Every structure is written in structure tokens, then in C-alpha cells.
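In what follows, a structure is listed as C-alpha cells, so that the remarks can point back to it.
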Amino acid sequence: MTVISQHNPRPIVFFANHDDNPDSIKLAIQAGVSAYIVDGLTAKRVKPIIDVAVARFNEFQQLRQNSCIPARVSWPNSNW
């Protein structure tokens, strides 16, 4: 996922059944995931989740284009 995100960035939504482990979430975000969703997925939630992930991705890409953030962001001191 990291390689794909670096070379062809796209919004990625990750749906997990029961994995709310902070380390898993941190690794997913570092790999380029725009949204990490745990449990509680219903059909009526899918579109809003994707809409938010796409909007956040677009904002992030705009910041990146304006050189405010590097191409790959890491969160070394994150307590996720």
C-alpha cells in the first residue's frame, strides 16, 4: 500500500472487523490510508465515509502541492 500511495496517490479507506490496535492504525496511516474504520459498518455509512476520505485526501494533496508537507509523512511521536 505504501508503494502505491507514493507513486499513484489515491484516497484509501480501510475497513477492519475488530482491529482497533493503535499500532495497526498508525501503520495504516503511514502507508497512506485516508480513513480507518473499525466495526459498525452499515450500507448507509459507506458513502459518507468515502466522501469524507476523498475530501480529506484532496485537502492533503493540496497541502502537499503547496510544499507544506513532504511526499511521505511519518508520525514518529504519535501515541496512536
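Please treat every number below as a calculation from the coordinates, not as lab data. No experiment lies behind these values; they were computed from the predicted model shown. Cβ placement follows ideal geometry from the backbone for every residue including glycine, while neighbour counts extend to all protein chains displayed.
Observations on the structure shown:
- Full extension of the chain between V46 and F15 gives 10.2 nm of extra length, using 0.36 nm per residue less the Cα-Cα distance.
- The charge dipole of region 1-65, taken about its Cα centre with unit charges on the Cβ atoms of Lys, Arg (+1), Asp and Glu (-1) only, comes to about 260 debye.
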